[in-house]
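Since the structure comes first, as structure tokens, the remarks are kept for the end.
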Amino acid sequence: NLHQVDEQKVSGNDKAGTPAAVELNENDMYKDPVLIYREGRALFQNNCVGCHGHNGCGNVPRSTNFTDSGWQENNSDGGIYSSIYNGKGIGNGGGVMPAYYNQLSPQQIKYLISYLRAFKGRSCNGLP
């Protein structure tokens, strides 16, 4: 069951598809970036490490390496949101990733995206 995610609303992308950051609503989000990071890290540890590893480098075939600068630059927050929300199947060019729309709130997905961005440029030997 795929659920449509309007990337325009989620990420603030313009019609040309320019990547934009997920908007963090101050009324809904923690104001302290450290708390956002900690919440994202906890969600990553509980939901993602089985395939992506503690270091974000991917520990199963075809899983995304979040430390890869090219991946970070070529994937908008809205696209990442959609992948987490809907999951990814073989037909999408990746491995099988479950959909999290029924397990994570939109808020939690945004925390997770913030944490994934912290992997950019890191080595596969450490945590962000």
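The values are calculated or read from the model by the stated rules, or taken from the named source; none is laboratory data. Just so we're clear, the structure is a prediction, and the values are computed from it rather than from any experiment. Here Cβ is always computed from backbone atoms with ideal geometry, including for glycine, and neighbour counts include all displayed protein chains.
Observations
- Among the residues of region 42-65, those identified as out of contact with any helix residue (DSSP H, G or I) (no Cβ under 8 Å at 6 or more places or on another chain) and assigned to a helix (DSSP H, G or I) are 42, 45, 46, 49, 50, 51.
- Residue list for region 72-101, restricted to those being modelled with pLDDT under 80 and part of a helix (DSSP H, G or I): 90, 91, 92
- Members of region 53-63 that are of a type in the set (S, T, N, Q) and either at pLDDT below 90 or under 17 Å from residue 110 (Cα atoms) (or both): 59, 63
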